[in-house]
Amino acid sequence: MSQRVIFGKTGLSVSPVCFGTWQLSPRFWGDQSKTDILAAMRKALDLEINFFDTADAYGDGYAETVLGEFMAGVRRNSIILATKVFNHFNPDASRYPDLSSAHIVERCEASLKRLRTDYIDLYLLHFFDPLAPLADVAETMERLRQQGKIRHYGVSNHTLEQFRASRVFGAFNAAQPSYSLLDLRIETDFLPYCLAENVGVMIYSPMHKGLLTGKYKGHETFTDFRKGHPDFQDERFRKITAAVQGLKPMADKYGLSLYQLILAATLMHPAIQSAVTGIKTPDQIAEAAGAMGKEIERSDYFAIRSALAIDGVTKVKDAAGKTK
Ligand SMILES: NC(=O)c1ccc[n+]([C@@H]2O[C@H](COP(=O)([O-])OP(=O)(O)OC[C@H]3O[C@@H](n4cnc5c(N)ncnc54)[C@H](OP(=O)(O)O)[C@@H]3O)[C@@H](O)[C@H]2O)c1
């Protein structure tokens, strides 16, 4: 049976699992096998996952290029495609925020070309640009929509006030905030607002960058960006991984893996339509697909939250302050 949810006011029909492509950014994740990732994308479609997330910043265009290679071989309307704009890239690979109108238009054209498509379903502002007048940004997004280059637009990594202010000027009907059962900050205000306004919400990093997948036991070391991430170090890493492993009997009760139990629980929040999961291999997307449509009892849902309520790990950085 097809697993689809309506993505808020956009009306897009999307899978509860969204395929995330940040893993194609070597700067963060090291080199990945393009063959494996293309195979995982094909597997996603076979498993009824139709939602794909990327950004021009992931690998400075490389993730979009690989996704474009995949899209060239499939029916365009079998995919709901989200990508993002924010950075002005210098020839030396340095970058700075730029949501000026001319730059958005130029980046949109470049994304369309790399993605080998003539429209983007969901175009997101990757971060908030303090120098860009909100009316101008909204007018630019609306113009791209009217030209048929994008179907809907929204934001990522915005605070509630930044998002509300943007919505005064334009139909920003989608949001991509960071959220996991280790990082519940947006539950206090952002998610209730999205629910009340019927905003489409696709949360990112549901497995806390791999930490909640159940494969780590607390002794591992990392060579990618996680080697400098506080949740992946020392005592805190050991505490979190032990808490995740402690959920194994509950996962067994549902016939799910730890990854699937935690992803299924994450998707239970009524404001969240889809979770953008980071994928490197066909097996990883198959495991994520197995979480779709799985019900967790209310008492178990709160037991998972309690198990993962570990002091000091719920907040690492300000969600609006990161750059990718
Ligand atoms: N808007 C934004 O600013 C923003 C920021 C970050 C991410 N995103 C989007 O959200 C996506 C997901 O974020 P994330 O990469 O942080 O996600 P995540 O889903 O929390 O973690 C992904 C990592 O988990 C591991 N993994 C995945 N499936 C697994 C499985 N079945 N079993 C065991 N391990 C598994 C992989 O790393 P290992 O195998 O190496 O452990 C993978 O790189 C990104 O790809 C991107 O599209 C958006």
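Only the coordinates and a few stated rules stand behind these numbers; no lab work does. These figures come from a predicted structure and were not determined experimentally. In this analysis, Cβ positions are derived from the backbone assuming ideal geometry, glycine residues included, and neighbour counts consider all displayed protein chains.
Here are the numbers for the structure shown:
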{"read-out": "FRET efficiency, E139 to E197 (Cβ-Cβ, R0 25 Å, nearest 0.05)", "value": "0.75"}
{"read-out": "Relative contact order of the range 126-193, pairs being alpha-carbon contacts under 8 Å that are 6 or more residues apart, as %", "value": "34"}
{"read-out": "Projected label distance in nm at E220 and A309, using a 7 Å step from Cα toward the beta-carbon", "value": "2.7"}
{"read-out": "Cα gyration tensor, the range 210-270 - rounded (a/c under 1.5), prolate or oblate", "value": "prolate"}
{"read-out": "Fraction of beta bridges assigned by DSSP in the chain that are antiparallel (%, nearest 5)", "value": "20"}
{"read-out": "Relative contact order of the chain, defined on C-alpha pairs under 8 angstrom at six or more residues apart (%)", "value": "22"}
{"read-out": "Debye intensity ratio I(q)/I(0), log10, the chain, q values 0.09 Å⁻¹ (C-alpha model)", "value": "-0.43"}
{"read-out": "The range 284-302 and the range 69-98: distance between their alpha carbon centers, rounded to Å", "value": "29"}
{"read-out": "Nearest-ten-degree value, helix 298-307 long axis tilted from longest Cα axis of the chain", "value": "90"}
{"read-out": "Positive minus negative residues near A40 (Lys, Arg vs Asp, Glu; Cβ under 15 Å)", "value": "-3"}
{"read-out": "Theoretical gain in end-to-end length, S94 to N77 [0.36 nm per residue, Cα-Cα removed]", "value": "2.6 nm"}
{"read-out": "Local net charge near P282, Cβ-Cβ under 14 Å (Lys/Arg +1, Asp/Glu -1)", "value": "0"}
